[in-house]
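Trainee: The structure's right below; bear with me while I get my questions together.
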Amino acid sequence: MKTSIDVLIIGAGPAGLTAATYLARYRRSVLVADGGEPRAAWIPLSHNMPGFPEGIGGDAILSRMRLQAEEYGAEIRPVFVEALERDGDGFTARLGEDRITARAVLLTTGVVDHHPNLPGVEDAIARSLVRICPICDGFEAIGKSIAVIGDSDLGAREAAFVRTYSDRVCLIHVGPPEALTRRDDLERLGVPVMETTIEQVHIEDDRLTALSWGGERTSFDVVYSALGTTPNGDLAADISAELGEDGRLVVDDHQETSVPGFYAAGDVVRGLNQLAVASAEAAVAATAIHNRFRRAEGMTAD
């Protein structure tokens with residue numbers, strides 16, 4: 001079956017659902033391809049989501065945003081976009097047995113976190129023992145014993161960041177010694193480095209314990225993973241959209257990529273990985289798409 005719509009949104013996280021609401025309220029036909037659990041679903045309780053001083057969980061955020069988008073007529077389908085290609089001035093996407101033609105596409109597929117390979121890590125994330133975003137919840141770790149697990153200088157940068165919240169921060173470096181070049185900075189900040197392998201790191205009840213190469217065993221209240229992410233940008237690469245060195249999309253001030261009519265917002269775009277930022281970028285992208293259509297339809301007073 002082939003269907004023509006105004007906008008195909010790929011990804012049903014905060015960015016995709018925000019854009020769906022905006023575009024539906026702009027009276028555009030919108031299909032959101034929900035290809036799986038968004039990264040936001042991992043949030044146990046967020047206290048820096050604007051408007052929720054008491055905190056709100058990731059599932060609740062997504063549920064509210066989904067209801068809002070559907071309220072105005074956006075269609076959300078639990079389906080993967082298996083292929084995307086240019087089709088004249090627009091795009092054609094393959095969603096299982098269906099073919100969708102769209103005048104514009106918005107990519108909001110986010111990134112995949114590299115969680116430490118520890119037994120029980122998913123449950124530990126749900127219990128806020130293992131965390132992935134100190135910007136989001138570092139405040140809740142004030143004064144606690146904090147470990148940062150890393151295998152490169154990314155771990156050093158994150159350990160330096162969380163020193164804002166505690167003077168008991170340790171970097172558990174599980175990569176090769178030469179991959180950590182910022183040792184002097186860590187020493188200046190009072191951050192010890194424990195060098196070990198991931199096999200010597202264990203989740204035990206409500207704490208994480210690590211055994212160093214020297215035989216020292218240390219336990220921590222909170223653990224941040226600084227093992228990096230992988231952007232979900234394969235569809236963008238398929239249509240030759242420009243990617244940065246980190247694999248995330250390069251966009252202009254209106255969230256448009258190097259491919260006309262192809263936009264991106266949220267974590268898949270270079271910038272700050274935050275819910276508020278993703279929603280703001282999506283609002284910019286949705287408005288730019290609507291105005292692009294208005295110009296093509298001769299509906300402006302320019």
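Trainee: With respect to Leu106, is the statement that it is in contact with a helix residue (DSSP H, G or I) (Cβ under 9 Å, 6 or more places away or on another chain), farther than 18 Å from Thr229 by Cβ and either in contact (Cβ under 8 Å) with a residue 12 or more places away in the chain or part of a helix (DSSP H, G or I) (or both) true?
Mentor: yes
Trainee: If you don't mind, there's one more thing I want to ask. Which pairs have Cβ atoms under 6 Å, sit 6 or more apart or on different chains, and link a residue in region 244-255 that is without any contact (Cβ under 8 Å) to a residue 24 or more places away in the chain to one that is assigned to a loop (DSSP other than H, G, I, E, B) and of a type outside the set (S, T, N, Q)?
Mentor: From region 244-255, the pairs are Gly247/Gly233; Val250/Glu242; Val250/Gly244.
Trainee: May I ask you to verify whether Val193 is in the same structural domain as Asp221 (by TED's automatic domain parsing) and at pLDDT 95 or above?
Mentor: Yes.
Trainee: Output yes when any residue across region 115-130 is out of contact with any strand residue (DSSP E or B) (no Cβ under 9 Å at 6 or more places or on another chain) and either modelled with pLDDT of 95 or more or under 30 Å from Thr257 (Cα atoms) (or both), and no when none is.
Mentor: For region 115-130, residues out of contact with any strand residue (DSSP E or B) (no Cβ under 9 Å at 6 or more places or on another chain) and either modelled with pLDDT of 95 or more or under 30 Å from Thr257 (Cα atoms) (or both): absent.
Trainee: Scanning for something in the same structural domain as Thr101 (by TED's automatic domain parsing), touching a Leu at 6+ places or on another chain (Cβ under 6 Å) and part of a helix (DSSP H, G or I), does region 82-89 turn up at least one residue?
Mentor: The answer is no, given that none of the residues of region 82-89 is in the same structural domain as Thr101 (by TED's automatic domain parsing), touching a Leu at 6+ places or on another chain (Cβ under 6 Å) and part of a helix (DSSP H, G or I).
Trainee: Identify the residue in region 271-302 that is surrounded by 17 or more Cβ atoms within 10 Å (Cβ to Cβ) and under 11 Å from the mean Cα position of the chain (by Cα) and, among all such residues, is nearest to Glu85 (Cα to Cα).
Mentor: That would be Ala278.
Trainee: Looking at this structure, is Gly214 at positive phi and in a loop (DSSP other than H, G, I, E, B)?
Mentor: For Gly214, the condition - at positive phi and in a loop (DSSP other than H, G, I, E, B) - is not met.
Trainee: What residue, among those in region 103-116 that are crowded, with 24+ Cβ neighbours inside 10 Å and hydrophobic (A, V, I, L, M, F, W, C), is nearest to Val174 (Cα to Cα)?
Mentor: Checked region 103-116; the qualifying residue nearest to Val174 (Cα to Cα) is Leu107.
Trainee: To continue, here is another question. Step by step: first the residues of region 224-240, then only those that are over 19 Å from the mean Cα position of the chain (by Cα) and either at negative phi or not assigned by TED's automatic domain parsing to the domain that holds Val268 (or both), then the one that is surrounded by the most Cβ atoms within 10 Å (Cβ to Cβ). Which residue is that?
Mentor: Selected residue: Ile239.
Trainee: Shifting gears a bit: Criterion first (closer than 23 Å to Asp252 by Cα, among the hydrophobic types (A, V, I, L, M, F, W, C) and at pLDDT 95 or above) does Leu17 satisfy it?
Mentor: Answer is yes for this residue.
The values are calculated or read from the model by the stated rules, or taken from the named source; none is laboratory data. Keep in mind it's a predicted model, so treat the numbers as computed, not measured. Cβ coordinates were reconstructed from backbone atoms using ideal geometry, including for glycine residues, and neighbour counts include every protein chain displayed.
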